[in-house]
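As structure tokens, the structure follows; a few thoughts come after it.
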């Protein structure tokens, strides 16, 4: 969900709110993790991995909140996004358990819930007038982490080959490439196509882990989603290359795209 605003000077207001929300969500992960572990006989390792995953994400969140939230409160929209972080951590911890059918149903149901909350946080931000660049980045990183975890689970549950990990790694590969080719780090214009592909990617990966969707149908669903994702990134890379080329009069080509 897009939430953009000018950067303000740093303050501890948002940071304190983030700390409280992170602590509450950590407790939630512990309680829900215990319930899931008992229901699926996953053992203590499941709860530990979920807590560690959430703690790592919360640590990164607090570091960013201290710098970027400025005088704004953490707010209800970011609190909902943090709830999505907790659910993603619980999903990630399923990787330590056996690939049982019940796990597939849990992954699919949790994916639907996370997707619904993805719409709720943006709606809350717009309704409350608390839209922020921090919130937009926070939301985007949670989306990327969710796709990575779902792709790992699709592989773990033997619903697709190792190639499905490309769905989760494509965005991180793009970010890494931007360190080498700085023109890839330029801002992109808002895109309904980009948002649609992201939602489709999440729902497709959530669908392919459902026990009622056997291979090779699960492979086809995951492959179609990956093709759409790669195509969307290709469109963005070409746009960025052309924009960089247009702003560099002395260059004849940038990224293989002629001026």
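The values are calculated or read from the model by the stated rules, or taken from the named source; none is laboratory data. As the structure is a computational prediction, the values presented were derived from the model and not from experiment. When we count neighbours, we look across all protein chains shown, and the Cβ atoms used for this are built from the backbone with ideal geometry, even at glycine.
For the stretch 28-69, give me each residue that is buried (at least 19 other Cβ atoms within 10 Å of the Cβ) and within 18 Å of residue 18 (Cα to Cα).
Filtering the stretch 28-69 down to residues buried (at least 19 other Cβ atoms within 10 Å of the Cβ) leaves 29, 33, 36-37, 42, 46-47, 49-50, 53-54, 57-58, 61, 65, 68-69.
Within the stretch 28-69, 29, 53, 54, 57, 58, 61, 65, 68, 69 qualify.
May I ask you to list the residues in the stretch 140-162 that are surrounded by fewer than 18 Cβ atoms within 10 Å (Cβ to Cβ) and closer than 13 Å to residue 82 by Cα?
140, 141
Hey, residue 15 hits all of (1) surrounded by 14 or more Cβ atoms within 10 Å (Cβ to Cβ); (2) under 21 Å from the mean Cα position of the chain (by Cα); (3) at pLDDT below 90 but one; which does it fall short on?
Among (1) surrounded by 14 or more Cβ atoms within 10 Å (Cβ to Cβ); (2) under 21 Å from the mean Cα position of the chain (by Cα); (3) at pLDDT below 90, residue 15 violates only (2).
Would you confirm, using the coordinates I've provided, whether residue 207 is modelled with pLDDT of 95 or more, more than 18 Å from residue 175 (Cβ to Cβ) and buried (at least 18 other Cβ atoms within 10 Å of the Cβ)? Give the steps one after another, and end with the answer.
Numbers: modelled with pLDDT of 95 or more: yes; more than 18 Å from residue 175 (Cβ to Cβ): yes; buried (at least 18 other Cβ atoms within 10 Å of the Cβ): yes.
So residue 207 passes the test.
Since residue 137 meets every condition but one in (1) under 13 Å from the mean Cα position of the chain (by Cα); (2) buried (at least 17 other Cβ atoms within 10 Å of the Cβ), which condition does it not meet?
(2)
Tally up the residues in the stretch 93-127 that are more than 11 Å from residue 206 (Cβ to Cβ), surrounded by fewer than 23 Cβ atoms within 10 Å (Cβ to Cβ) and within 14 Å of the chain's Cα centre (by Cα), please.
Residues that pass the stated criteria total 4.
Exactly one of these conditions fails for residue 73: (1) within 27 Å of residue 45 (Cα to Cα); (2) surrounded by fewer than 20 Cβ atoms within 10 Å (Cβ to Cβ); (3) more than 19 Å from the chain's Cα centre (by Cα). Give me its number.
Of the numbered conditions (1) within 27 Å of residue 45 (Cα to Cα); (2) surrounded by fewer than 20 Cβ atoms within 10 Å (Cβ to Cβ); (3) more than 19 Å from the chain's Cα centre (by Cα), the odd one out for residue 73 is (1).
Answer yes or no as to whether residue 136 is more than 21 Å from residue 234 (Cα to Cα), part of a helix (DSSP H, G or I) and in contact (Cβ under 8 Å) with a residue 24 or more places away in the chain.
Numbers: more than 21 Å from residue 234 (Cα to Cα): yes; part of a helix (DSSP H, G or I): yes; in contact (Cβ under 8 Å) with a residue 24 or more places away in the chain: yes.
The answer is yes for residue 136.
Do we find a residue being part of a helix (DSSP H, G or I), modelled with pLDDT under 95 and surrounded by 15 or more Cβ atoms within 10 Å (Cβ to Cβ) anywhere in the stretch 214-230? If you could, list the steps in order and put the result at the bottom.
Here is the first cut: in the stretch 214-230, the residues part of a helix (DSSP H, G or I) are 217-230.
The next check asks that each one be modelled with pLDDT under 95; those that pass are none.
Within the stretch 214-230, not a single residue is part of a helix (DSSP H, G or I), modelled with pLDDT under 95 and surrounded by 15 or more Cβ atoms within 10 Å (Cβ to Cβ).
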